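Peer 1: Pasting a structure here, questions to come.
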Amino acid sequence: MGLRLFFFPAILLCLMAAAVRADDAPSTDFALRGNLYIVGPEEMTPYINAAVANFAAQQGETLAPVIAAKGSTAAIREFCGGLGVDFPDVVASTRRMSRAELKICAHNKVEEVIEIGIGYDAIVVVAKHGTEPFNLVPEYMYRALARDIPQEGQFHPNPHQKWKTVHGFLPDSDIKVFVPPAASGGRGISAASGGRSVSAASGGRSLFDDRVMQAGCRSIPEVRAIYAAAERTAKCVTGRSDGRFIEMGEVSQASDLFRDAPDGTMAVVDRSRWVDDAKNLTVFPINGLLPMEQSIASEEYPLSRRLYFYFKKGHMRDRKGFGVAKGLREFMISVTSDEAMEPGGYFERKGLVLLRREDRARQRLEAVSLTPLQR
């Protein structure tokens, strides 16, 4: 087993080198479009921008790509809409493309889609240093934070003021939680910070709504009996408006949220914010798991997700230089480079948890060999 693990990356590197030599990028350019068209949700913007900046530095030119911010579902729909200059070359997504979406792509002649996983992000629940942590599960958080919760077969305004009334073994402290703002995306930039990111709310609200509010809501059998799925969603994710569910703004550090807050106040922030300010914060386990790199990379930590870039092979230039978009294949290779995916690379610097070593090598192989996604 050890020998197999030892040789696996080396074999991949040899195959990758052979693939690059067999199909080098064309030296001439007859592309219909001289820039890349990239779509994806706001949460992916920091990673898109970092990838584009690194590629521009490698190429010695400014690519000036068109980057359109759209939710993952809308972005994938546009990407799969067809081939040609009016359609995106790349889609960034906070989830994996579904089989149904891949079939829509194929129906519209987008028949070879290349999937590249770039790493994992996560959100965490923190409080100020010295707070006694306790194990959280999505159901407790939903019952504490939702505007309406089920009682006796109907939704009623949330009566809970303290965690102890949510469940008897939780602490006798007031419920007060800062959450990412609706439609939150990548980290905000403040001129006062000299261009440094200052948004403690940069963890995606969509991840919070899905993995905390909806997951907690769906775990209650009574909820499924009250409303159909489409009606349940709004009930599940709508937070209370009595000062216990607070959409946060920008702060220098996550710990600043607690400066004037009462004891027991919590905040949901992106993992890198906790790592940056760990000495001043207490982190809470979710379903008994702390947000460590190992639990995130194994996808056991429940508030994590794998992020993806998808590339449209039908837009890449052929060996004679003809294609829809200049630099598309080269950009894909750049996204899987050491500068991007290895420890210390720009994805890790932006807060991503890296893929495992073998998985990083596999992404590179799929990029250089132009392996289409099969689902």
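Peer 1: Can you spot a residue in region 69-87 that is more than 17 Å from GLY204 (Cβ to Cβ), among the small types (Gly, Ala, Ser) and crowded, with 21+ Cβ neighbours inside 10 Å?
Peer 2: no
Peer 1: In this structure, is ARG95 closer than 27 Å to ARG356 by Cβ, open to solvent by 50 Å² or more (accessible area, probe 1.4 Å) and out of contact with any Ser or Thr (no Cβ under 9 Å at 6 or more places or on another chain)?
Peer 2: no
Peer 1: Out of everything in region 329-361 that is acidic (Asp, Glu) and either within 20 Å of the chain's Cα centre (by Cα) or crowded, with 21+ Cβ neighbours inside 10 Å (or both), what residue ends up being nearest to PRO291 (Cα to Cα)?
Peer 2: The residue in question is GLU348.
Peer 1: If the requirement is being free of Cβ contacts under 8 Å to residues at least 60 places away in the same chain and among the acidic types (Asp, Glu), which of these qualifies: GLU250, GLU293, GLU231, GLU299?
Peer 2: When all the criteria are applied, what remains is GLU231.
Peer 1: What residue, of LEU289, LEU257, is surrounded by 15 or more Cβ atoms within 10 Å (Cβ to Cβ) and touching a helix residue (DSSP H, G or I) at 6+ places or on another chain (Cβ under 6 Å)?
Peer 2: LEU289
Peer 1: Related question: Could you list all residues from region 27-71 that are at pLDDT 85 or above and among the β-branched types (Val, Ile, Thr)?
Peer 2: Of everything in region 27-71, those that are at pLDDT 85 or above and among the β-branched types (Val, Ile, Thr) turn out to be ILE38, VAL39, THR45, ILE48, VAL52, VAL66, ILE67.
Peer 1: Name the single residue, out of those in region 121-153 being assigned to a strand (DSSP E or B) and open to solvent by 10 Å² or more (accessible area, probe 1.4 Å), that is modelled with the lowest pLDDT.
Peer 2: Of everything passing the filter in region 121-153, GLN151 is modelled with the lowest pLDDT.
Peer 1: Going by the structure shown, is LEU136 more than 19 Å from the chain's Cα centre (by Cα) and within 25 Å of SER334 (Cα to Cα)?
Peer 2: no
Peer 1: Further question on the same structure: Considering only region 295-309, state which residues are open to solvent by less than 30 Å² (accessible area, probe 1.4 Å) and basic (Lys, Arg).
Peer 2: Scanning region 295-309 gives a single hit, ARG305.
Peer 1: Can you report the number of residues in region 207-258 which are in a loop (DSSP other than H, G, I, E, B), at pLDDT 85 or above, more than 17 Å from GLN151 (Cα to Cα) and not small (Gly, Ala, Ser)?
Peer 2: 4
Peer 1: Being within 30 Å of ALA254 (Cβ to Cβ) and touching a His at 6+ places or on another chain (Cβ under 9 Å), is that true of even one residue in region 282-295?
Peer 2: yes
Peer 1: Given the options LYS162, LYS103, name the one that is surrounded by 13 or more Cβ atoms within 10 Å (Cβ to Cβ) and either under 21 Å from the mean Cα position of the chain (by Cα) or not hydroxyl-bearing (Ser, Thr, Tyr) (or both).
Peer 2: Step by step, each of LYS162, LYS103 is checked, and only LYS162 is surrounded by 13 or more Cβ atoms within 10 Å (Cβ to Cβ) and either under 21 Å from the mean Cα position of the chain (by Cα) or not hydroxyl-bearing (Ser, Thr, Tyr) (or both).
Peer 1: Then there's this: Just the residues that are modelled with pLDDT of 95 or more and surrounded by fewer than 23 Cβ atoms within 10 Å (Cβ to Cβ), please, taken from region 312-327.
Peer 2: Residues satisfying the conditions are LYS313, GLY314.
Peer 1: When you go through VAL91, VAL113, VAL66, VAL124 one by one, which is the residue that is touching a Lys or Arg at 6+ places or on another chain (Cβ under 6 Å) and at negative phi?
Peer 2: Every option except VAL124 fails the conditions.
Peer 1: Could you list, ordered by first residue, the pairs with Cβ atoms under 6 Å in which the first is in region 152-167 and closer than 16 Å to PHE245 by Cβ and the second is among the small types (Gly, Ala, Ser) and part of a loop (DSSP other than H, G, I, E, B), at least 6 apart or interchain?
Peer 2: If the second residue must be among the small types (Gly, Ala, Ser) and part of a loop (DSSP other than H, G, I, E, B), the pairs left are TRP163/SER173.
The values are calculated or read from the model by the stated rules, or taken from the named source; none is laboratory data. For clarity, every value in this text was computed on a predicted model and none was experimentally measured. A quick note on method: Cβ atoms are made from the backbone with ideal geometry, for glycine too, and the neighbour counts reach across all protein chains shown. Note: areas computed on protein heavy atoms with side chains; ligands, DNA, RNA excluded. Shrake-Rupley method; radii C 1.70, N 1.55, O 1.52, S 1.80 Å.
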